[in-house]
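Reviewing the structure listed below.
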Amino acid sequence: MSGATQTPSSYDAAEEFLDRRTRAQQVQATMHKYPWLSPAVVLVISVIVFGFLNSNFATPNNLSLITQQVAVVGALAIGQTLIILTAGIDLSCGAIMVFSSMVMAKTAFDSGIPGWLAIILGLLVGAAAGGVNGVLVTRVRLPPFIVTLGTLNIFVALTLLYATGRTIRDAELATGLSWLGETFSVGQVRVSTGVVLMLVMYAFFAFVLRYTAWGRHVYAVGDDADSARLAGIQVQRVLLSVYLVAGLIFAITGWILIGRVGAASPNSGIDANLDSITAVVIGGTSLFGGRGTVLGSLIGALIVGVFRNGLTLAGLDVYYQTLAVGILIILAVSVDQWIRRART
Amino acid sequence: MTVTSEQTSSPAQTAQPVLQAKAIVKTYGHVVALDAVDLELYPGEVLAVIGDNGAGKSTLIKCLSGAESPNGGEILLDGTPVNFRSPQDARVHGIEAVYQTLAVAPALDIASNLFLGRETRRAGFLGSVLRMLDMPGMRKEAKGHMSALGIGTLQNMGAAVESLSGGQRQAVAVARAAAFSSKVIILDEPTAALGVKESKQVLKLIQSIRERGLPVILISHNMPQVFEVADRIHIQRLGKRAAVVDPKKISMNDAVAVMTGALQLAPDGKLEEAG
């Protein structure tokens with residue numbers, strides 16, 4: 001705002017002045033309106049750079065591999081996005097995912113019930129686990145961070161107790177349980193059904209958030225819960241439904257996980273909770289709630305996948321991958337802070 | 001100093017009040033915020049509620065708009081007792097409030113804010129099965145509401161509310177109340193955060209709402225504004241109604257004197273110096 005010489009009384013002149021924004025402010029305003037834009041630019045640039053660095057990177061096989069590596073965290077990030085949009089956070093998402101996958105595999109293995117029934121059981125358990133988080137957040141009024149830190153440990157313990165430390169191997173899985181790990185060919189590219197399911201879920205929740213009243217209410221609640229209540233939104237009910245839906249999404253991700261790993265193990269997906277938060281944050285969704293998109297989280301998950309894969313192909317140690325992801329997170333949040341200061 | 005009885009306003013209207021509070025009591029622990037307060041709002045009038053900090057203005061309108069439940073007393077709407085448990089409850093009965101905190105969602109666009117909590121869906125399959133919102137319809141309708149209130153400056157209903165000026169945001173909040181209210185509009189300090197020019201716009205809004213026949217309760221600290229738009233002034237003091245006066249018959253100084261307790265209402269209906 002340098003060079004502003006208008007007095008407060010020359011209102012129209014000031015209005016006109018506001019239209020003459022600097023280039024930086026225009027960029028800021030555009031990024032404010034489309035929070036997924038800057039991660040998209042980062043994704044495109046990183047794909048191009050890694051493509052130049054290593055000729056094996058931009059091959060159909062490798063790109064298909066990246067999508068498969070991203071499927072679990074990407075699907076998990078959908079539920080995480082919903083919760084972060086309400087200004088919450090879920091540390092227990094990975095634990096819910098693994099717990100649900102163990103329920104799916106072990107109920108079928110122990111009692112011989114058909115795979116589809118075991119899957120439904122697992123989905124119900126996931127939704128119920130999300131519901132427990134939701135009830136603690138909305139009824140007992142605990143901060144989501146504390147609630148999910150507690151349930152993270154509880155669900156991990158329940159998983160280990162239930163599984164008695166045993167992995168259920170590929171050959172022991174009931175039919176249908178590893179279906180999401182199967183691949184089919186589209187031209188030269190191998191696509192796994194799990195990736196397709198993840199993309200379908202993204203499309204569905206992008207639609208729901210953008211075009212339904214529930215989606216609008218999720219944003220309003222995250223933006224300012226008090227205002228939302230005064231505007232007539234039943235804030236606690238919206239929050240509870242978000243945690244329930246997120247639990248269901250985590251359980252579906254548990255099914256994808258079985259396909260990806262080719263087994264149901266109580267020890268898989270240990271870091272998935274933090275990875276999902278990373279994807280959401282890099283994808284431009286604000287940790288303060290009310291701002292962000294699921295599309296951004298998909299891009300965020302892909303960026304992490306591309307970096308890990310590209311740096312591996314470039315022959316760099318795995319520690320550098322972690323270093324790169326850490327820098328990306330700090331950069332993404334810095335950009336978010338800068339954008340939030342924008343007055344479009 | 002004593003003043004004549006014409007200065008106090010025994011309501012000239014013989015009509016039934018649209019909204020009436022009878023001996024409303026609201027306590028927070030040991031603090032008595034409202035001590036048996038009466039209030040009457042008649043059809044088509046602007047009733048200003050003034051009072052010092054802590055006089056109970058905000059608590060009073062929170063009780064009337066369902067944001068708080070009174071501990072005692074009665075609220076009548078068109079003569080029928082009502083019991084609001086939430087703002088949503090009051091809204092269903094046609095009472096819309098604009099709170100000091102504005103209650104808009106900054107990241108959502110103007111149309112989404114106007115229809116927040118009562119969105120309309122698309123017709124047919126898209127609406128009934130996919131529950132898809134009718135965005136173009138809501139934007140069109142939002143524009144209609146805005147221009148009906150003479151807010152022509154806001155053209156793009158898809159613009160995020162956070163991109164608007166303070167006055168424009170207030171206009172969105174008032175327009176939302178005006179668009180959906182069928183009985184009463186309550187405005188809590190609508191000009192508190194605004195500049196001179198923006199305040200003028202909001203006062204014009206209030207007048208255009210009255211012209212449409214809707215009664216308005218206006219809570220304000222700003223005496224010149226109150227005297228400009230109000231038909232009657234309800235003066236709150238220490239959790240009680242000190243007096244109801246007619247702005248055409250009382251000076252601003254006397255109104256402030258009642259507010260601060262320098263003048264009080266005598267049993268004969270006159271204002272007299274507090275002894």
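Based on the alpha carbon coordinates of the stretch B:133-275, what radius of gyration and maximum Cα-Cα distance (Dmax) apply, in Å?
Calculated on Cα positions, Rg and Dmax stand at 18.3, 63 Å.
Work out how much length A:Thr59 to A:Asn267 would gain on full extension: take 0.36 nm times their residue separation and subtract the Cα-Cα distance, in nm to one decimal.
Values: separation 208, 0.36 × 208 = 74.88 nm, distance 3.20 nm.
Net length gain for the segment: 71.7 nm.
Build a GNM of chain A with springs between Cα atoms under 10 Å: which of A:Val242, A:Val304, A:Val41 gets the top mean-square fluctuation?
A:Val41
Hey, got the average number of other protein chain Cβ atoms within 10 angstrom for residues in B:108-119? Walk me through the intermediate numbers first.
Details: counts 6, 1, 0, 0, 5, 4, 0, 3, 10, 11, 4, 5.
What the average comes to for B:108-119 is 4.
Using just the alpha carbons, could you tell me how many Å³ per residue the convex hull of the stretch B:68-145 encloses? Display every interim value, and only then the final one.
On the way: hull volume 11.8 nm³, N = 78.
So the per-residue Cα hull volume is 151 Å³.
Taking Cα centroids, how far is the stretch A:235-262 from the stretch A:77-141 in Å?
Rounded to whole Å, the Cα centres lie 5 Å apart.
Among A:Thr175, B:Ala171, A:Ala157, which residue has its Cα furthest toward the positive end of the charge dipole of the protein assembly as shown, with +1 on Lys/Arg Cβ and -1 on Asp/Glu Cβ?
A:Thr175
Using a 7 Å offset from the Cα along the Cα-to-Cβ direction at both B:Ser86 and A:Ala24, what is the distance between the two label points in nm, to one decimal?
4.6 nm
Give or take rounding to whole Å, what are the principal axis extents of the alpha carbon atoms in the stretch A:147-248, in descending order?
The Cα atoms of the stretch A:147-248 stretch 55, 44, 19 Å along their principal axes.
Viscosity 0.890 mPa s, temperature 25 °C: give me the Stokes-Einstein translational D for the stretch A:262-313 in µm²/s, with Rh taken as the Kirkwood radius over C-alpha pairs.
Working: Rh = 12.2 Å.
The diffusion coefficient I find is 202 µm²/s.
Would you mind working out the magnitude of the charge dipole of chain B relative to its Cα centre, with +1 at each Lys and Arg C-beta and -1 at each Asp and Glu C-beta, to the nearest 20 Debye? Write down the numbers at each step before the final one.
Working: 28 positive and 27 negative charges, 192 e Å.
Dipole magnitude for chain B comes out near 920 debye.
Return the subset of B:Lys26/B:Lys270; A:Lys33/B:Lys140; B:Lys57/B:Lys143 for which the Cα-Cα distance in this structure is over 25 Å, preserving the input order.
Numbers: B:Lys26/B:Lys270 28 Å; A:Lys33/B:Lys140 21 Å; B:Lys57/B:Lys143 33 Å.
With Cα atoms farther than 25 Å apart: B:Lys26/B:Lys270; B:Lys57/B:Lys143.
Considering the dipole of chain B built from charges on the beta carbon (Lys and Arg +1, Asp and Glu -1) around the Cα centre, which of B:Ser147, B:Pro247, B:Val25 is farthest to its positive end?
Most positive-ward Cα: B:Ser147.
Convex hull over the alpha-carbon atoms of chain B: what's its volume per residue in Å³?
Numbers: hull volume 38.9 nm³, N = 275.
Considering the Cα atoms of chain B, their hull volume per residue is 141 Å³.
Could you compute how fast chain A diffuses translationally, taking Rh as the Kirkwood radius over C-alpha pairs and applying Stokes-Einstein at 4 °C with viscosity 1.567 mPa s? Give it in µm² per second. All intermediate terms of the calculation are to be shown ahead of the outcome.
Working: Rh = 21.3 Å.
Answer from the Stokes-Einstein relation: 61 µm²/s.
I'd like the Kirkwood hydrodynamic radius of the stretch A:68-219, using the inverse of the mean 1/r over distinct C-alpha pairs, in Å.
Working: mean 1/r = 0.0590 Å⁻¹.
Computed over the stretch A:68-219, the radius equals 17.0 Å.
Suppose every K and R has +1 on its Cβ and every D and E has -1 on its Cβ; what is the size of the dipole of the protein assembly as shown about the Cα centre, in Debye to the nearest 20? Intermediate results must be reported in sequence, preceding the final value.
Values: 48 positive and 43 negative charges, 199 e Å.
Magnitude of the dipole: close to 960 debye.
For chain A, set up a Gaussian network in which alpha carbons nearer than 10 Å are linked by springs, and say which option among A:Tyr162, A:Tyr211, A:Tyr34 fluctuates the most.
A:Tyr211
Within the stretch B:222-239, whose backbone N sits under 14 Å from a point 7 Å along Cα→Cβ of B:Ser251?
In the stretch B:222-239, the label zone of B:Ser251 (backbone N under 14 Å from the point 7 Å along Cα→Cβ) covers no residue.
So how long is each side of the stretch B:17-57 along the principal axes, counting just the alpha-carbon atoms, biggest first, in Å?
For the stretch B:17-57, the Cα extents along the three principal axes come out at 37, 20, 10 Å.
Of A:Leu257, A:Val280, A:Gln337, which is farthest on the positive side of the dipole of the stretch A:216-344, counting Cα position, with +1 on Lys and Arg Cβ, -1 on Asp and Glu Cβ, and the Cα centre as origin?
Farthest along the dipole direction, towards plus: A:Gln337.
Compute the FRET efficiency between A:Gln234 and B:Gln155 as 1/(1 + (r/R0)^6), taking r as their Cβ-Cβ distance and R0 = 22 Å, and round to the nearest 0.05.
Details: r = 33 Å, r/R0 = 1.48.
FRET efficiency, A:Gln234 to B:Gln155: 0.10.
Provide Rg and Dmax in Å for the protein assembly as shown, with only Cα atoms included in the calculation.
29.7, 99
Mind checking the dipole of chain A: about its Cα centre, +1 per Lys or Arg Cβ, -1 per Asp or Glu Cβ, Debye to the nearest 20? Walk me through the intermediate numbers first.
Values: 20 positive and 16 negative charges, 52 e Å.
Charge dipole, chain A, about its Cα centre: 240 debye, nearest 20.
Starting from the Cα of B:Leu238, step 7 Å along the direction of its Cβ; do the same at B:Lys204; then give the gap between the two resulting points in nm.
About 4.3 nm separates the two model spin labels.
Need the full-extension length gain, B:Glu74 to B:Thr260, defined as separation in residues times 0.36 nm minus the C-alpha distance. One decimal, nm. Intermediate values should be presented prior to the final figure.
On the way: separation 186, 0.36 × 186 = 66.96 nm, distance 2.72 nm.
Gain in length upon complete extension: 64.2 nm.
Report the convex hull volume per residue for the stretch A:155-207, counting only C-alpha atoms, in Å³. Mind dumping the intermediate values first?
Values: hull volume 7.1 nm³, N = 53.
So the per-residue hull volume is 134 Å³.
Pick from A:Gly232, A:Gly74, A:Gly292: which is most flexible by mean-square fluctuation in a GNM of chain A where alpha carbon atoms under 10 Å apart are linked?
A:Gly232
We did not get these values from a lab; they are worked out from the coordinates using the rules stated. What you see is a predicted model; the values in this text were computed from it and never measured. We place every Cβ from the backbone using ideal geometry, glycine too, and count neighbours over all the protein chains shown.
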